[in-house]
Amino acid sequence: QVQLVESGGGLVQPGESLRLSCAASGNIFSTFTMGWYRQAPGKEREFVALITTNGLTNYADSVKGRYTISKDNTKNTAYLQMNRLTPEDTDVYLCQAVRLRTEYWGQGSQVTVSS
């Protein structure tokens, strides 16, 4: 069983930055693709970004050029650097680890962008 714990969320003003972290309970980055999703109350979970085992990345169009996903295999931690935040980025951000039909989710971290 893999546990994922997100941190780094908070309240920021439009145009500011945040970095989310996702700490995994084991050394899974060599076998699991790591992803970030976001979800607002009553809405569908939305894909944000992913990074594969060999470091390839993919982003949702809405965050491309503003967000950067990365990982540190030595720390078993994935990151989501979020720049030029807007109120539309306000959501609960969730970390995912996926391999074939197996997936794990963190509990989520609230990001609020407001003036």
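The values are calculated or read from the model by the stated rules, or taken from the named source; none is laboratory data. All of these numbers come straight from a predicted model, not from anything done at the bench. Heads up, the Cβs are rebuilt from the backbone with ideal geometry, glycines too, and the neighbour counts pull from every protein chain shown. Accessible surface areas use protein heavy atoms only, side chains included; no ligands, DNA or RNA. Shrake-Rupley method; radii C 1.70, N 1.55, O 1.52, S 1.80 Å.
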Counting only protein heavy atoms and rolling a 1.4 Å probe, one gets per residue an accessible area for the chain in Å² of 54
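Ignoring ligands, DNA and RNA, how do ASP89, ASP72, ASP61 rank by accessible area with a 1.4 Å probe, largest first?
Descending order: ASP61, ASP72, ASP89.
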Distance histogram for the chain (every C-alpha pair counted, 10 angstrom bins, percent rounded to whole numbers)
15, 50, 29, 5, 0
Which stretch or stretches of the stretch 88-112 have amide N atoms under 20 Å from the point lying 7 Å from LYS75's Cα along the Cα→Cβ direction?
93-97, 106-111
May I ask you to derive the relative contact order of the chain, considering only C-alpha pairs under 8 Å and at least 6 residues apart, and to give it as an integer percent?
37
Candidates LEU80, LEU56, LEU94, ranked by Gaussian network fluctuation over the chain, Cα under 10 Å, top entry:
LEU56
Carbon and sulfur together cover what percent of the accessible area of the chain at a 1.4 Å probe radius?
46
Roll a 1.4 Å probe over the protein heavy atoms and report the accessible area of TRP105 in Å², nearest 10.
80
Give me the three principal axis extents of the stretch 64-113 from the C-alpha atoms, as integers in angstrom, largest value leading.
33, 21, 19
Sites ASN27 and ASP61 - FRET efficiency at Förster radius 25 Å, r taken between beta-carbons, to 0.05
0.20
